[in-house]
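K.L.:
The structure under discussion is supplied below as structure tokens; questions concerning it will follow.
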Amino acid sequence: MNKADLVDKIAGACDISKAQATTAIDTAVDSVTAALRKGDRVALIGFGTFSVSQRKARNGRNPQTGATIKIAARKVAKFTPGAELKKAVNRK
């Protein structure tokens, strides 16, 4: 499923226009992004939790040359699925 499919699904389920559904999705994504940028967690009960994790600096290897390179420390976005999402995915 891509963004267009999600827009169609939301517009149909909520009886709203595709433009309104697109605005709703964009607002949700922008809100989650802004919260993560500030270092906050975003918990959607039953679905999962978005958070920011810190990765330490480490040494890597260039696969073409075999040379050792330094990979800088950085923050990464992390998603942990909730219990209901895990159950739904594993349901037969």
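The values are calculated or read from the model by the stated rules, or taken from the named source; none is laboratory data. It should be emphasised that the depicted structure is a prediction, and the values quoted were computed from it without experimental measurement. Quick reminder, even Gly has a Cβ in these numbers, built from the backbone with ideal geometry, and neighbours come from all protein chains shown.
K.L.:
Check Gly39 against each of (1) within 27 Å of Asn90 (Cβ to Cβ); (2) at pLDDT below 95 and name the one condition it does not meet.
P.N.:
Tallying (1) within 27 Å of Asn90 (Cβ to Cβ); (2) at pLDDT below 95, Gly39 fails exactly one: (1).
K.L.:
Still on this structure, please answer the following. When the residues of the stretch 15-39 are filtered to those that are surrounded by 13 or more Cβ atoms within 10 Å (Cβ to Cβ), free of Cβ contacts under 8 Å to residues at least 24 places away in the same chain and not polar (S, T, N, Q), which remaining residue is nearest to Thr80 (Cα to Cα)?
P.N.:
Applying the filter and picking the extreme gives Val32.
K.L.:
Just name the residue that is surrounded by the most Cβ atoms within 10 Å (Cβ to Cβ) out of those in the stretch 61-77 that are among the charged types (D, E, K, R) and more than 26 Å from Val32 (Cα to Cα). Step through it out loud before you land on a result.
P.N.:
If we filter the stretch 61-77 for residues that are among the charged types (D, E, K, R), which is where we start, we get 61, 70, 74-75.
Next, from what is left, pick out any that are more than 26 Å from Val32 (Cα to Cα): 61, 70.
Numbers: Arg61: 10, Lys70: 8.
Out of the qualifying residues, it is Arg61.
K.L.:
Select from the stretch 44-60 the residues that are in contact with a strand residue (DSSP E or B) (Cβ under 6 Å, 6 or more places away or on another chain) and surrounded by 12 or more Cβ atoms within 10 Å (Cβ to Cβ) and write down the one among them that is nearest to Glu84 (Cα to Cα).
P.N.:
My answer is Gly48.
K.L.:
When you scan the stretch 70-92, how many residues do you find that are in a helix (DSSP H, G or I) and out of contact with any strand residue (DSSP E or B) (no Cβ under 8 Å at 6 or more places or on another chain)? Walk me through how you get there before you give the answer.
P.N.:
Of the residues in the stretch 70-92, the ones in a helix (DSSP H, G or I) are 83-90.
Applying the additional criterion that residues be out of contact with any strand residue (DSSP E or B) (no Cβ under 8 Å at 6 or more places or on another chain) yields 83-84, 86-88, 90.
Within the stretch 70-92, residues that are in a helix (DSSP H, G or I) and out of contact with any strand residue (DSSP E or B) (no Cβ under 8 Å at 6 or more places or on another chain) number 6.
K.L.:
For the condition touching a residue at least 12 places away in the same chain (Cβ under 8 Å), of a type in the set (A, V, I, L, M) and touching a helix residue (DSSP H, G or I) at 6+ places or on another chain (Cβ under 9 Å), what is the one hit in Leu6, Leu85? I'd like the intermediate steps shown before the answer.
P.N.:
Working: Leu85 fails: touching a helix residue (DSSP H, G or I) at 6+ places or on another chain (Cβ under 9 Å).
Within the list Leu6, Leu85, the selection yields Leu6.
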